[in-house]
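The values are calculated or read from the model by the stated rules, or taken from the named source; none is laboratory data. Model, not experiment: these values are computed from the prediction. Here the Cβ positions follow ideal geometry from the backbone for every residue, glycine too, while neighbour counts run over all protein chains shown. Accessible surface is based on the protein model in full, side chains and every heavy atom, while ligands, DNA and RNA are left aside. Shrake-Rupley method; radii C 1.70, N 1.55, O 1.52, S 1.80 Å.
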Amino acid sequence: MREIKVAMLGFGGIAKSHKKAYEIFEAEGTPIKLVAICDINGEQFTKSQKTNLGTAKKVNFDGINLYTDLEEMMAKEEFEMIDICLPTYLHKEYTLKMLRAGKNVMCEKPMFLNSEDCKEMIDTANECGKKLMIGQCLRFEPQYLCLKELIDNKKYGEVKQVSMERLSALPTWGFENWFTVTEKSGGCALDLHVHDVDMLRFLFGEPEKVSAVAVDDVTRWQYINSRFYYKNFTAIATGSWTESATTPFKAGYRVRFEKASVVLEGSKVTVYPDEGEIYDIEYANKNRMAEEIRLIATSIADSSVVNTSNPPESAMKTVELVEKLCESADNGGIIIELN
């Protein structure tokens with residue numbers, strides 16, 4: 001694989017996780033190199049960033065040029081791919097700008113605030129002949145990939161019930177407190193709950209119908225409980241930004257198969273079979289951020305590599321489904337039939 005040079009735009013909380021991916025590439029000798037980072041707030045390069053996943057450690061910027069002006073970075077640096085870690089409301093603007101400047105784009109989730117503008121992002125990538133990927137990182141998370149394997153190989157039979165949850169305090173660490181402004185973040189429904197919505201689509205395909213109830217507080221849809229009606233089972237997912245400030249972030253799933261229950265709690269995936277011994281699944285120790293970035297970078301270096309794991313069209317469909325859930329919640333939890 002030839003070397004792919006990358007620049008990063010935005011260096012808030014999630015960007016620290018992306019930076020770790022490039023450190024992994026350097027350590028393993030993979031030719032995906034982060035050469036520059038731009039953030040309009042230069043303090044982001046020196047301050048500790050606390051998020052619902054903890055406080056980021058001090059970052060090593062050796063060999064990386066730092067900027068507070070995007071135009072200056074673009075004038076001085078050579079790179080093929082931009083890794084966009086900006087707030088959601090800026091995703092479309094800067095994705096289009098970078099695509100039109102001839103850059104391939106890795107953009108954090110959610111794709112954007114509405115599916116119509118997501119379509120424009122995809123159309124622009126196609127028109128410019130550039131790659132576009134959205135950071136629906138759970139598609140690369142071993143804790144979920146091992147579940148997908150059990151679903152696909154039917155080791156324990158068909159799925160009978162599914163429940164997922166993703167719970168957090170209201171995020172107040174974003175640039176100008178953007179998470180707490182619904183028009184900028186889409187609330188918990190689009191920012192946090194979107195992970196489980198996307199994962200259900202990834203694991204089981206499109207539901208036949210959906211419904212949801214939600215609670216509005218600081219933002220719209222700050223708490224949302226959704227139902228996804230499949231042919232033979234119903235999946236339930238809960239997303240919350242209403243936990244207390246001291247409550248640790250929590251995410252997990254419980255899947256009931258015909259012959260076993262499979263549970264993710266913390267970092268442990270446990271199988272509780274109807275017959276036989278309880279055991280923990282030994283899954284691959286891979287960094288989800290590194291794996292998603294590896295895929296788009298590899299597809300840039302080698303045109304024969306096709307991104308079937310996480311295409312932008314699927315990220316757009318996830319935003320569409322969140323829109324349907326919010327529509328249901330806004331109308332008393334009505335069941336919405338899907339085409």
Discussion item. Can you go through Tyr253, Tyr230 and tell me which one is among the hydroxyl-bearing types (Ser, Thr, Tyr) and either surrounded by fewer than 17 Cβ atoms within 10 Å (Cβ to Cβ) or within 30 Å of Glu28 (Cα to Cα) (or both)?
Written reply: Tyr230
Discussion item. Residue under question is Lys33, and the condition is that it be outside any strand (DSSP E or B) and surrounded by 13 or more Cβ atoms within 10 Å (Cβ to Cβ); does it hold?
Written reply: no
Fill in: Number of the condition not met by Ala212 [criteria: (1) out of contact with any Leu (no Cβ under 7 Å at 6 or more places or on another chain); (2) aliphatic (A, V, I, L, M); (3) under 28 Å from Ile151 (Cβ atoms)]
(1)
Item to complete: Please determine, by comparing only the residues of segment 106-137 that are part of a helix (DSSP H, G or I) and in contact with an Asp or Glu (Cβ under 7 Å, 6 or more places away or on another chain), which one is nearest to Asp83 (Cα to Cα).
Response: Cys137
Worksheet, complete the sentence: Among residues of segment 306-339 being assigned to a loop (DSSP other than H, G, I, E, B), at pLDDT 95 or above and within 25 Å of Glu120 (Cβ to Cβ), the residue nearest to the chain's Cα centre (by Cα) is Asn310
Fill in: Among (1) under 28 Å from Glu313 (Cβ atoms); (2) out of contact with any helix residue (DSSP H, G or I) (no Cβ under 9 Å at 6 or more places or on another chain) - the single one Lys160 does not satisfy
(1)
Fill in: Single unsatisfied condition, Asn310 versus (1) among the polar types (S, T, N, Q); (2) buried (at least 18 other Cβ atoms within 10 Å of the Cβ); (3) farther than 16 Å from Val194 by Cβ
(3)
Worksheet, complete the sentence: Taking segment 36-59 and keeping only residues that are outside any loop (DSSP other than H, G, I, E, B), open to solvent by 90 Å² or more (accessible area, probe 1.4 Å) and at pLDDT 70 or above, one is left with Glu43
Worksheet item: Taking into account only those residues within segment 130-167 that are open to solvent by 60 Å² or more (accessible area, probe 1.4 Å) and of a type outside the set (Asp, Glu), which is farthest from Arg288 (Cα to Cα)?
Response: Lys160
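Residue by residue, here is whether (1) under 26 Å from Met73 (Cα atoms); (2) hydrophobic (A, V, I, L, M, F, W, C) holds:
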position: Leu96; (1), (2): yes, yes
position: Asp117; (1), (2): no, no
position: Leu138; (1), (2): no, yes
position: Lys155; (1), (2): no, no
Discussion item. Tell me yes or no: at least one residue of segment 115-129 is over 30 Å from Val269 (Cβ atoms), open to solvent by less than 10 Å² (accessible area, probe 1.4 Å), in contact with a Ser or Thr (Cβ under 6 Å, 6 or more places away or on another chain) and not β-branched (Val, Ile, Thr).
Written reply: yes
Fill in: Given (1) part of a helix (DSSP H, G or I); (2) open to solvent by 80 Å² or more (accessible area, probe 1.4 Å); (3) farther than 24 Å from Val305 by Cβ; (4) in contact (Cβ under 8 Å) with a residue 24 or more places away in the chain, index of the condition Glu93 fails
(4)
